[in-house]
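Each remark here refers to the structure printed beneath this line.
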Amino acid sequence: MVPVTILEPAVKSYIACSGILALKVLGMSLLTGRMRYKKKVFANEEDTKLKDSVVKYDDPDVERIRRAHLNDLENIPVFWVVGALYLTTGPSDEVAVNLFRVYTAGRILHTLVYAVKPLPQPARGICFGIPFWITIYMGVKIISHYMISL
């Protein structure tokens, strides 16, 4: 295993991008709540104190944001694990920093084109696909690095 220190640019980039992504995941809850209040549609009876608000489980605008949030919950934790393991392979700082930055930018853009200002395909597919393939790339690098050393 390659020693990893917090002084390395790649590690600093990973930590910064991880913090940004964590805030992004948390922000999705706020975005969902904002849309629920705007549309006056809630998932629980006790939340319907606003005038003319209702319990509704299938509002398309709320569900779009929830799907984007679920997509984050399915992909970002995997990035956290794979990104941390990738750092142990001794990648070049330049490559690792760029992978982390592009991944983070892609996930933010994914939310923008999916939940904030929906755009037609292939915008969402590209914004999903690039970070997805970055995670795959890092995973393959981890496997190849450690399989060779067995």
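Taking all Cα pairs closer than 8 Å and separated by 6 or more residues, the relative contact order of the chain comes to 29 percent.
Electrostatic tally near Pro91: other residues with Cβ closer than 11 Å to its Cβ, Lys and Arg +1, Asp and Glu -1, net -2.
Along the Cα-to-C-beta direction of Glu63, a point sits 7 Å from the Cα; which residues of region 118-150 have their amide N less than 14 Å from that point? Answer for region 118-150: none. With a cut-off of 14 Å between beta carbons, the residues surrounding Val78 carry a summed charge of -1, where Lys and Arg count +1 and Asp and Glu -1.
Helix 60-87 and the longest principal axis of the Cα set of the chain meet at an angle near 20°. A simple count of charges around Ser53, restricted to other residues whose Cβ falls under 15 Å of its Cβ and scoring Lys, Arg +1 and Asp, Glu -1, yields +2. Note on Ala22 and Asp93: the extension gain reaches 23.3 nm, defined as 0.36 nm multiplied by sequence separation minus the Cα-Cα distance.
Only one of [x] 21; [y] 81; [z] 43 was calculated from the structure for percent of Cα pairs over 24 Å apart, and its label is [z].
Between the Cα long axis of helix 93-111 and the first principal axis of the chain there is an angle of about 10°, rounded to the nearest 10.
For region 66-122, the solvent-accessible area of protein heavy atoms averages 50 Å² per residue (probe radius 1.4 Å; ligands and nucleic acids excluded).
Rolling a 1.4 Å probe over the protein heavy atoms of the chain, with every protein chain left in place, gives an accessible area that is 68 percent carbon and sulfur.
The values are calculated or read from the model by the stated rules, or taken from the named source; none is laboratory data. Only a predicted model underlies this, so the values are computations on that prediction, with no experimental measurement involved. Please note: Cβ atoms are built from the backbone with ideal geometry, for glycine as well, and neighbour counts cover all protein chains shown. SASA here: full protein model, heavy atoms, side chains in, ligands and nucleic acids out. Shrake-Rupley method; radii C 1.70, N 1.55, O 1.52, S 1.80 Å.
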